[in-house]
Each structure stands twice: as C-alpha cells, then as structure tokens.
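Shown next, in structure tokens, is the structure this report addresses.
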Amino acid sequence: MTGDATPGAAWLLADTAARRPAHPALVTAAGPVTYGDLWERARRYAAVLRGHGVRSGDRVALLLTNTPHFPAAYFGALALGATVVPVNALLKAGEAAHVLGDSGARALVCAVPLAAVGTAAAREAGVDTVLTVQGDGPAGAPDLDALATRTAPVDTYVPRAPDDLALILYTSGTTGRPKGAMITHHNLVMNVTTTVVSPFALRGDDVLLGCLPLFHTFGQVCGMATCFRAGATMVLMPRFEAAEALRLMTAERCTVFMGVPTMYLGLLEAARLDPGRPPLQRAYSGGAALPVAVLEEFRSTFGCEVYEGYGLTETSPVVAYNRPGRPCRPGTVGTPVEGVRVAIARADVESRVEPLPPGETGEIVVSGHNVMAGYLGRPEATAEVLVDGWFRTGDLGVQDEEGRLTVVDRKKDMVVRAGYNVYPREVEELLARHPAVAAVAVIGLPDDVCGEEVCAVVRPRPGAVADEALAAGIIAWSRARIAAYKYPRRVEFTDSFPLGPSGKVLKRELVTRYAHRPR
C-alpha cells in the first residue's frame, strides 16, 4: 500500500473473482453465489449508484441484514471509490438519522424489511437517494436489483490512495452519541491481508459460518472480507440462532467458526440436544472476554482449538490473537498481529503515554497499520485517544515478558469497592465454573457504604431454581474462592441479557435495571 494510488479495498473481492469465478463465495438458503456472480452484482450496483449521482469520495450508507445484498452493495460502493457507512440494523429511525447525517451520506441502500426506519431516517437526515433491495420500499423507493438487471456493470474499480476513507464505522456509543471511526483503505486492506494469513489461516477450501452481523466490524472484516480474500466460502445466516447454527455447520461441513461468547454458550447448549458435529478445525472468539471454562467445554465438545483475540472498531479491528502454530494460552488474547505494536500505559495519565513494565496492569495502547485516521468531525475526541502516536483503547490489560496480552477489563467497567479495584472479568471467570451458572455478567451498583458493590447477574443452567437459596449459595461459593473485597455480595437472576449488535452484554443496561431494585 504505497504510492499515490492503490487498488483499494474493492480489490479484495475483485481479485478473487478473477482467480476463481466459479467457486462459491456464499451459501444461502436460496443456494450458492459464486465469486464471479457476486462481483458482477457488485459492479451492477456500482453502475446504478453512479446513475444516481454517487461519485468517488461520496458516502453510501447500508441498512442491510445478512443477505448477499450486503457484500454486493459494500463492494459496489467501494468499486466507485465511495466510502461505505454500515448502519446497525437494530437502530430506530432517530438513531439511524444521526448516522446518516453525521456521516454526510449521499445515498442509502436499505433492505425492505427495514425500509420504514430507513426512509424515515433518510428524510430526517436529508438523504435524497434511497434504494431498496428485496422489492420496492415505501414512498416508491426504487428496487436496486430491478435497476441493476437493466444496467450494464462498471468495468472495474476506481483506484484509491492509501489514506482515502474506505469505511466510516460507528462505535456503539457507550458514552454519548456514536462516533464515526474513519477507516482508510490502508487500514482495511492491511488488516485483512495480515489476518487472513495469521491468525485466521484461511484457505480456499475453508467453509466459514457467517453468523455475525455484517454491519459490525467483526463479521464484516474478520468474517466476510478475510473469507473473500482467501477465496473461501461463507455460509450466511440471516441471524444467529444456536440450534440452526449447529445444524447448518454440520450440513455444510464448516471448518471455521467465528463468534462472540454468547454464541459459544448457545452452541454448547444446542450441542447437549443435538448429536451432530461439524468438522470444525478452529474457532475464533472476539468482541468480549470468553470465560476459560466455556473455552475448555467448547474445545472438548467440538474437538477443535479455540483462539481468543482482541480488537476494536477503531483498530480495523484486529489487534492481537492466539493463533495456530503457537501455544494457545486460554485467558489471554495472544500476541499482536504482524505490523501492530501493543504496550501497557499508566491509566491515570491521559495527556501522554507512559509505558509500564511487563506484569503491571494499565491501559492497553496500540500503534500500527490498523489504527483509524480519527473520529469523523470530532477533533477533540480524536485528540483524546490518539496520543503520542498511540491509540488509547480504554481497556485495561497486562503483558508478559513474551508480549502476550491479557485483557483485564474495560476501564469504565471496573468496580471500585471501598477503595479497592475489582475487575469484573476476573469474577466472571470464577463464577462461570459454578455448576448452576450458565452465563454471568458482573457489574458495580451504587452503595452508600462502599461506593460501589459487586453484583453478579446470573442466567442459571436448566434445572437450577433461581431463588434466594441459590443466590446465597453462589455468594458463599465465590467467597471461599476469591479475595474478600472481590466476591459478589449481591446476585440477581435473569432469563436473558441485553445484547449489543455484536452479541456483547450491555452492562450499562444491567446497571440501570438493578441499581434501584430493592435487595
């Protein structure tokens, strides 16, 4: 990625389509889609967008679910030299309007089932061009597929400079409104071409279950883009459902699984009822901490190694991973990928980066080809996180002498109880081994005496009775196994956790739910 112009991110699909046009890129309920067909559809979409005035450098927003329309529109927009703005399909109209307006979207490609939200958001944000897929949308929004069949495809893709924007990815907005992370073509292509070799080790004969949402960076970059670069096949699920995921992986003979911890838990529960087992060779976890007990059970149940890693929207996304060919250390996220540096800095010094020695806990900072160009239109927010040539992640971690990284917790999730720092992940790792606990999230709740109190929100295993006796038993069990200031004094039960778009537990919603509930 040097010089004034490069192929850009559209090359990730175009090159594979040229090399193996007849190989299936996608497997869907409607049948396979070859690389040649997918790239032709992307080029037809590009021609339609061009006919609606989209030019190089414009922003094209995608409000799409996990269907072949997503990669076609994604790479079609990239082929024009436009910047892709994926929109979380779970957003309401007002939230989507913020993304469209903040990004300056010129056009919106919207799935018909989401068209009511999309058209309302486009109207509020002043986006004139709305194209729908899977049929005409409300207010006469034209059908992109119908137009594409009548439109000659563009010949090829527009070359881009390394620092041109490929993507604007909106953060989950844990504080304030979501911010748009500016991902360059250099960021995206380097992250894909690096990780497709290691840690993902994808080959052309691999089959990957595509159950992560494509609008999220994990599913979009680690899943879709690396799969396409390798010329592998993605079995596309509209949404994750554990029993169907297990059936699909077995039927389609999936060799690779990528998911977040809630998906691993779901697959383990499904496996207790379904004896079918896919020929998995490796599995990759990200998005949140995977309890070691869950990793070990998955490894035993499915007979494959589980590699846990670490990344963020702002880092394109991969930072570090355990990987094939090296000893896997459960509980860690491995070592930085090629071309990326990681250090641990003093968390209480924000104006500069002060590195800490191995073995000390501090804030994880990252530098390398994966670090975003900044937050769109937010110079102050950018300056807060891009410091001394490093990206401050907001996560707490520790590195050993070999550079292996362990993520301790989110800086904002840390519980301060009576002046002591309690890292929820450590408590969650312990509670995941309790025989009655299926899943757990540890949070801090306001307390008049201690400032914050440690609370474990538990989803019990089937057959366990969620009552005061079980809560007391969990408290006593953890008290015997962890320091006095760390164990939960409070246990709440739930049937399900509030989840973000990537499947990560939304702890801030749990805090809101339980903060004022009587004990």
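The values are calculated or read from the model by the stated rules, or taken from the named source; none is laboratory data. Quick caveat: nothing in here was measured; it's all calculated off a predicted structure. Ideal geometry is used to build each Cβ from the backbone, glycine not excepted, and the neighbour counts take in all protein chains shown.
Look at VAL189 and say whether it is assigned to a loop (DSSP other than H, G, I, E, B) and over 23 Å from ALA288 (Cβ atoms).
Here the answer is no, as VAL189 does not meet what is asked.
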field: Residue selected from the stretch 329-364 under the condition in contact (Cβ under 8 Å) with a residue 24 or more places away in the chain and charged (D, E, K, R), by the criterion nearest to GLY309 (Cα to Cα)
entry: ARG329
Scan of the stretch 419-434 for residues that are in a loop (DSSP other than H, G, I, E, B), modelled with pLDDT under 90 and farther than 11 Å from LYS486 by Cβ, ordered by number: GLY419
query: Restricting attention to the stretch 33-62, which residues are among the β-branched types (Val, Ile, Thr) and either free of Cβ contacts under 8 Å to residues at least 60 places away in the same chain or not assigned by TED's automatic domain parsing to the domain that holds THR132 (or both)?
result: VAL33, THR34, VAL60
task: Can you give me the number of residues within the stretch 359-407 that are in a loop (DSSP other than H, G, I, E, B), under 21 Å from VAL333 (Cα atoms) and among the small types (Gly, Ala, Ser)?
output: 2
message: If I ask for residues that are surrounded by fewer than 19 Cβ atoms within 10 Å (Cβ to Cβ), under 20 Å from HIS185 (Cα atoms) and of a type in the set (Gly, Ala, Ser), which ones from the stretch 30-57 would you list?
response: SER56, GLY57
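Let's see how each residue does on (1) buried (at least 18 other Cβ atoms within 10 Å of the Cβ); (2) modelled with pLDDT under 95; (3) farther than 20 Å from TYR423 by Cβ; (4) not assigned by TED's automatic domain parsing to the domain that holds PHE218:
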| position | (1), (2), (3), (4) |
| --- | --- |
| CYS455 | yes, no, no, yes |
| PRO460 | yes, no, yes, yes |
| ASP467 | no, no, yes, yes |
| TRP477 | yes, no, no, yes |
| PHE493 | no, no, yes, yes |
| GLY500 | yes, yes, yes, yes |
| LYS504 | yes, yes, no, yes |
| ARG508 | no, yes, no, yes |
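In the stretch 163-173, which residue that is in contact with a helix residue (DSSP H, G or I) (Cβ under 6 Å, 6 or more places away or on another chain) and in a loop (DSSP other than H, G, I, E, B) is modelled with the lowest pLDDT?
If we filter the stretch 163-173 for residues that are in contact with a helix residue (DSSP H, G or I) (Cβ under 6 Å, 6 or more places away or on another chain), which is where we start, we get 164, 166, 168-171.
The next check asks that each one be in a loop (DSSP other than H, G, I, E, B); those that pass are 164, 171.
Working: ASP164: 98, THR171: 88.
Only one residue tops the list, namely THR171.
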- line: Of ALA111, ALA93, ALA146, the only residue that is within 20 Å of GLY76 (Cα to Cα) and in contact with a Ser or Thr (Cβ under 9 Å, 6 or more places away or on another chain) is ALA111
query: Can you find a residue in the stretch 291-306 that is at pLDDT below 95 and within 25 Å of VAL366 (Cβ to Cβ)?
result: yes
- prompt: In the stretch 305-337, what residues are over 16 Å from MET190 (Cβ atoms) and part of a strand (DSSP E or B)?
  reply: GLU305, VAL306, TYR307, GLU308, GLY309, TYR310, THR335
- request: Scan the stretch 441-453 for residues that are without any contact (Cβ under 8 Å) to a residue 24 or more places away in the chain and surrounded by 23 or more Cβ atoms within 10 Å (Cβ to Cβ) and report the count.
  value: 0
query: Are any residues in the stretch 472-507 outside any loop (DSSP other than H, G, I, E, B) and either of a type in the set (Ser, Thr, Tyr) or touching a strand residue (DSSP E or B) at 6+ places or on another chain (Cβ under 7 Å) (or both), and if so, which ones?
result: ILE474, ILE475, SER478, ARG490, VAL491, GLU492, PHE493, LEU499, VAL505, LYS507
